[in-house]
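Asks: Take a look at the following structure, please.
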Amino acid sequence: MIVLGMISQALLYLCFSLLVGSLILSLIPNNYLPSLRVPKFVLVLSIIGIIIFSFFPVLQILLYLIPNQGLSDTLQSVLLTFEVGKAWFFTFIVSVILLLYITVFDYRIKAFYGYVGIFLSFLLILALGWSSHPSSYEPLWGFIGDTIHFTAVTVWVGTLIVVSWFATNHNNWLNFLKWFTPVAIVCFGMTFVSGLLLMNIVVEDYTNSWLIPYGQSLLMKHLFIIPLIVFALINSIFIRGKVKKDTHFNPLPWVKTESVFLLIIFSATALLGQQSPPRNTNVSNESVSKLFSLFYQGQFQPNMTADLVINTTSMLLLAVAILFLGLMIVSFFKKMPAIMSFLMGVLLVFSLYLSLILSIQ
């Protein structure tokens with residue numbers, strides 16, 4: 001069930017990104033974009049996906065309660081009294097309206113149509129923030145933090161994914177970077193600040209949370225942000241200079257690779273949504289993460305705390321991680337395929353992860 005929940009959440013984030021990214025790009029003048037071909041059915045499927053994949057948390061509750069209360073009473077109770085049920089019911093209504101709107105009106109013809117579509121999409125984001133874990137702990141700040149976080153991510157990631165996978169050429173790439181780079185920087189800043197707020201709400205002690213599955217997923221998400229930033233620097237700075245010198249250079253493979261890292265982070269975020277946040281980080285033999293137990297070199301004790309102590313092994317692994325970071329950049333200048341930088345990024349994350357886990361006492 002956890003795996004299905006993770007997949008559904010990851011696909012939900014992808015659907016939101018495709019929807020928001022497509023609508024935003026419809027408002028950008030053609031001379032500031034490469035040639036894009038986003039079929040309308042992509043948006044239609046994205047909206048249908050939002051309806052289906054956002055229902056999974058509701059389905060989990062229904063499956064738990066139906067044996068005791070029956071289908072009709074349970075469905076009515078969950079949709080009208082549970083916050084997650086009310087949020088999904090709101091999502092369903094707005095999604096149907098948006099689906100009909102996208103079908104009837106061509107958002108690519110008039111900017112006004114695109115703005116209306118973005119407004120309806122933002123209502124869906126509000127519903128997602130309403131039903132989030134942080135909102136259940138802190139109704140106001142959890143809702144605000146999750147809404148800002150997800151809005152910034154979908155604007156940044158959605159634009160990048162749509163451009164990288166639906167562009168038919170790399171014309172006007174420098175003009176595209178002129179506006180997208182500052183947008184991405186602002187979105188990353190908003191994501192970082194709101195992420196700190198959310199972590200403060202749901203996590204009592206960050207390093208201690210590494211001992212349980214939720215903390216492991218959170219740590220992986222944060223570690224994968226590092227190669228993502230490296231790719232963002234390559235795509236916004238180094239490729240800018242490359243395109244200026246060589247107009248035939250195709251940056252799309254590098255942008256696609258960056259989007260793959262974003263999808264990995266989506267998956268880690270989706271896994272977080274399937275686990276209870278560690279407000280209480282007391283760890284037992286039953287709650288300790290299997291991944292942590294696999295790599296931890298010490299003797300686990302119930303209720304132990306994770307104290308980071310630098311040692312020779314952790315320092316060597318940190319040096320290896322820095323080496324892989326450098327190789328990510330070097331592979332670009334050596335004109336290697338983007339997949340090589342991707343592999344270096346994955347090894348960078350693995351080395352950093354081992355460095356941190358092996359420094360725990």
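The values are calculated or read from the model by the stated rules, or taken from the named source; none is laboratory data. The model shown is predicted, which means the values in this text are computed figures rather than measured ones. Cβ sites come from the backbone with ideal geometry, for glycine too, and all protein chains shown count toward neighbours.
Asks: Name the one entry in Ile93, Ile118 that is free of Cβ contacts under 8 Å to residues at least 60 places away in the same chain and of a type in the set (A, V, I, L, M, F, W, C).
Replies: Working: Ile118 fails: free of Cβ contacts under 8 Å to residues at least 60 places away in the same chain.
Criteria check complete, one pass: Ile93.
Asks: With modelled with pLDDT of 85 or more, under 29 Å from Gln60 (Cβ atoms) and β-branched (Val, Ile, Thr) as the only criterion, which of Val163, Val157 stands out?
Replies: Among Val163, Val157, only Val157 is modelled with pLDDT of 85 or more, under 29 Å from Gln60 (Cβ atoms) and β-branched (Val, Ile, Thr).
Asks: Also, I was wondering about something else. Restricting to the stretch 114-129, give me the number of residues that are in contact with an Asp or Glu (Cβ under 7 Å, 6 or more places away or on another chain) and among the hydroxyl-bearing types (Ser, Thr, Tyr).
Replies: 0
Asks: Examine the stretch 50-71 for a residue that is touching a residue at least 24 places away in the same chain (Cβ under 8 Å) and farther than 20 Å from Leu272 by Cα, and state whether such a residue exists.
Replies: Within the stretch 50-71, one or more residues are touching a residue at least 24 places away in the same chain (Cβ under 8 Å) and farther than 20 Å from Leu272 by Cα.
Asks: Could you look through the stretch 72-90, keep only residues that are among the hydroxyl-bearing types (Ser, Thr, Tyr) and touching a residue at least 12 places away in the same chain (Cβ under 8 Å), and pick out the one that is farthest from Ser131 (Cα to Cα)? Lay out the reasoning, then the answer.
Replies: Applying the first criterion (among the hydroxyl-bearing types (Ser, Thr, Tyr)) to the stretch 72-90 yields 72, 74, 77, 81.
Subset that is touching a residue at least 12 places away in the same chain (Cβ under 8 Å): 74, 77.
On the way: Thr74: 18, Ser77: 16 Å.
Here the residue is Thr74.
Asks: When only residues in the stretch 192-228 that are surrounded by fewer than 20 Cβ atoms within 10 Å (Cβ to Cβ) and hydroxyl-bearing (Ser, Thr, Tyr) count, which is nearest to Tyr353 (Cα to Cα)?
Replies: Among residues in the stretch 192-228 that are surrounded by fewer than 20 Cβ atoms within 10 Å (Cβ to Cβ) and hydroxyl-bearing (Ser, Thr, Tyr), the one nearest to Tyr353 (Cα to Cα) is Thr207.
Asks: What do you reckon, is Val42 touching a Phe, Trp or Tyr at 6+ places or on another chain (Cβ under 9 Å), part of a helix (DSSP H, G or I) and of a type in the set (Val, Ile, Thr)?
Replies: Spelling it out, Val42 is indeed touching a Phe, Trp or Tyr at 6+ places or on another chain (Cβ under 9 Å), part of a helix (DSSP H, G or I) and of a type in the set (Val, Ile, Thr).
Asks: Tell me which residues, restricted to the stretch 31-61, are surrounded by fewer than 22 Cβ atoms within 10 Å (Cβ to Cβ), small (Gly, Ala, Ser) and under 24 Å from Val84 (Cα atoms).
Replies: Gly49
Asks: Kindly indicate the residue of the stretch 298-335 that is surrounded by 11 or more Cβ atoms within 10 Å (Cβ to Cβ), part of a loop (DSSP other than H, G, I, E, B) and more than 27 Å from the chain's Cα centre (by Cα) and also modelled with the highest pLDDT among those meeting that condition.
Replies: This residue is Asn311.
Asks: Still on this model: What residue, of Phe82, Phe122, is under 29 Å from Glu204 (Cα atoms) and either buried (at least 16 other Cβ atoms within 10 Å of the Cβ) or modelled with pLDDT of 90 or more (or both)? I'd like the intermediate steps shown before the answer.
Replies: Details: Phe122 fails: under 29 Å from Glu204 (Cα atoms).
That would be Phe82, the only listed residue that is under 29 Å from Glu204 (Cα atoms) and either buried (at least 16 other Cβ atoms within 10 Å of the Cβ) or modelled with pLDDT of 90 or more (or both).
Asks: Return the total of residues in the stretch 247-293 being outside any helix (DSSP H, G or I) and modelled with pLDDT of 75 or more. First the steps, then the outcome.
Replies: Filtering the stretch 247-293 for residues outside any helix (DSSP H, G or I) gives 247-251, 273-289.
With the extra rule that they be modelled with pLDDT of 75 or more, the set shrinks to 247-251, 288-289.
Looking only at that region, the number is 7.
Asks: Does any residue of the stretch 131-150 turn out to be modelled with pLDDT under 90, surrounded by 23 or more Cβ atoms within 10 Å (Cβ to Cβ), touching an Asp or Glu at 6+ places or on another chain (Cβ under 7 Å) and assigned to a helix (DSSP H, G or I)?
Replies: Within the stretch 131-150 (the criterion being modelled with pLDDT under 90, surrounded by 23 or more Cβ atoms within 10 Å (Cβ to Cβ), touching an Asp or Glu at 6+ places or on another chain (Cβ under 7 Å) and assigned to a helix (DSSP H, G or I)), the answer is yes, since at least one residue qualifies.
Asks: Kindly indicate which of Ile7, Ile28 is surrounded by 13 or more Cβ atoms within 10 Å (Cβ to Cβ), of a type in the set (Val, Ile, Thr) and over 18 Å from the mean Cα position of the chain (by Cα).
Replies: Ile28
This table checks each residue for (1) buried (at least 18 other Cβ atoms within 10 Å of the Cβ); (2) modelled with pLDDT under 90; (3) of a type in the set (Asp, Glu).
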| position | (1), (2), (3) |
| --- | --- |
| Pro337 | no, yes, no |
| Leu343 | no, no, no |
| Ser351 | yes, no, no |
| Ile360 | yes, yes, no |
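Asks: Give the residue, chosen from Val153, Val116, that is over 23 Å from Val203 (Cβ atoms), of a type in the set (A, V, I, L, M) and assigned to a helix (DSSP H, G or I).
Replies: Val116
Asks: Still on this structure: Which of (1) of a type in the set (Ser, Thr, Tyr); (2) over 23 Å from Leu348 (Cα atoms); (3) free of Cβ contacts under 8 Å to residues at least 40 places away in the same chain is the odd one out, the single condition Thr181 does not satisfy?
Replies: Here Thr181 meets the rest and fails (3).
Asks: Another one. Take Val104 and tell me if it is modelled with pLDDT of 85 or more, aliphatic (A, V, I, L, M), surrounded by fewer than 13 Cβ atoms within 10 Å (Cβ to Cβ) and within 30 Å of Pro39 (Cβ to Cβ).
Replies: So Val104 passes the test.
Asks: Still on this structure: From Leu23, Leu14, Leu18, Leu75, grab the single residue that is more than 27 Å from Leu160 (Cβ to Cβ) and in a helix (DSSP H, G or I). Break it down stepwise before answering.
Replies: Values: Leu23 fails: more than 27 Å from Leu160 (Cβ to Cβ); Leu14 fails: more than 27 Å from Leu160 (Cβ to Cβ); Leu18 fails: more than 27 Å from Leu160 (Cβ to Cβ).
That would be Leu75, the only listed residue that is more than 27 Å from Leu160 (Cβ to Cβ) and in a helix (DSSP H, G or I).
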